[in-house]
Ligand SMILES: [Zn+2]
């Protein structure tokens, strides 16, 4: 395995890869150093292109219902706020990943569950319609083997995950329906506590982890062969999921408390518990969880006006009022942009977690089209940068390949192999 670490320059000269070997005892010229650096750069990019690169949390399906989202045309974060499309996936060497069925949470009552169920089913349908519409460019994946085959065909991989199990209402058997439609990853909870679990970002904790219904959900996910996702879950919920699940869990977009103490991140002790159980954390490129971001005075003034008129949080709002809140907030964000974190800060989280639990338990996820992106990495078109920096830090190609999806696919395989449901298995046809 070639190592392109900090000693990379020396290694390249020894291997005779540099354009001109320096005379013994001579000082390496600036030009030679620059040429060697460019060589390392090109090697890293070629390597990045040659491996499977997956993201575990693509929120892009939230755009599918809008007529102006065109997957095969290049958008731009600066102009339209989007992160993912085919041209940019090709530029950044992204082969696909998990495309998210996200449902915003409302009240925990029967009518709201019914509305959420419809929303979830329609979002899954939208993902399947997307795959049908762009069948020459993408394909639905139901297994790790599918993903390998799809990449071999030169297409992008569309796995499905669910962020917030709220649409299942009180009926975990509905999960089987989503599974048949292709769902392979499930996160019980989102920003607020729900019927299944306590959330990392809810000020109250109801169950101190999973509710009894949440435990049923974990068992059902294991039975069907889905990967369980503890992102957004409280630490106690993550611990319950690790203890109860028969297969390793993933945190599909999460960061390190040691770098920024935010409820959406986890501390070193929980990182170790996750890794000891075979789990994987996918490092999130979401600015607000990477560091404390201070709004500009102009934005703060606009926020004060907004808070007085609409309320600081959408919690408790329903229907029209909820939609109005988000529309007004979007307008404010457009006029007075949120402060941004940096690519360097994201890598600080990533290197910290790699130091604590090693490259077998770490992956990458940008929260693309879900609020992700930082200065220095605004969309998926520049993912090579991460590969260059991991190699330069001394991680081997084998390790970088695991980080870009090998670890995540290990969990997809593990969930599938532990499946006890006979659904979708060949013997059901006998
Ligand atoms: Zn999220």
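The values are calculated or read from the model by the stated rules, or taken from the named source; none is laboratory data. Predicted model only: the values in this text are computed from it and were never measured. A quick note on method: Cβ atoms are made from the backbone with ideal geometry, for glycine too, and the neighbour counts reach across all protein chains shown.
Annotations
- When restricted to residues that are in contact with a helix residue (DSSP H, G or I) (Cβ under 9 Å, 6 or more places away or on another chain), within 17 Å of residue 225 (Cβ to Cβ) and within 16 Å of the ligand (Cβ to nearest atom), the range 160-191 contains 6.
- Residue in the range 336-359 that is assigned to a loop (DSSP other than H, G, I, E, B) and buried (at least 22 other Cβ atoms within 10 Å of the Cβ) present: yes
To keep it simple, each residue is scored yes or no on (1) more than 14 Å from the ligand (Cβ to nearest atom); (2) surrounded by fewer than 19 Cβ atoms within 10 Å (Cβ to Cβ); (3) part of a loop (DSSP other than H, G, I, E, B); (4) modelled with pLDDT of 95 or more.
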{"residue": "254", "(1), (2), (3), (4)": "no, no, no, yes"}
{"residue": "259", "(1), (2), (3), (4)": "yes, no, yes, yes"}
{"residue": "271", "(1), (2), (3), (4)": "yes, no, no, yes"}
{"residue": "274", "(1), (2), (3), (4)": "yes, no, no, yes"}
{"residue": "278", "(1), (2), (3), (4)": "yes, yes, yes, yes"}
{"residue": "289", "(1), (2), (3), (4)": "no, no, no, yes"}
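- Selection within the range 201-228 - surrounded by fewer than 24 Cβ atoms within 10 Å (Cβ to Cβ) and within 16 Å of the ligand (Cβ to nearest atom): 201, 202
- For the range 141-156, a tally of residues being in a loop (DSSP other than H, G, I, E, B) and touching a residue at least 12 places away in the same chain (Cβ under 8 Å) returns 5.
- Of all residues in the range 229-250 being assigned to a loop (DSSP other than H, G, I, E, B) and at negative phi, the one that is farthest from the ligand (Cβ to nearest atom): 246
- Checking each residue in the range 85-108 for being away from the ligand (no atom under 15 Å from the Cβ) and assigned to a loop (DSSP other than H, G, I, E, B) picks out 85, 92, 93, 94, 95, 106, 107, 108.
- Taking the range 342-378 as the range and being more than 16 Å from the ligand (Cβ to nearest atom) and either free of Cβ contacts under 8 Å to residues at least 60 places away in the same chain or under 13 Å from the mean Cα position of the chain (by Cα) (or both) as the test, the residues that pass are 342, 343, 344, 347, 351, 354, 355, 359, 362, 375, 376.
- Residue 13 vs. criteria crowded, with 16+ Cβ neighbours inside 10 Å, modelled with pLDDT of 95 or more and not assigned by TED's automatic domain parsing to the domain that holds residue 401: no
- Within the range 369-408, the set of residues being outside any helix (DSSP H, G or I) and at positive phi comprises 369, 371, 373, 376, 394.
- Within the range 168-189, being buried (at least 24 other Cβ atoms within 10 Å of the Cβ) and outside any strand (DSSP E or B) holds for 168, 188, 189.
- With respect to (1) part of a strand (DSSP E or B); (2) surrounded by fewer than 22 Cβ atoms within 10 Å (Cβ to Cβ), the lone exception for residue 159 is condition (2).
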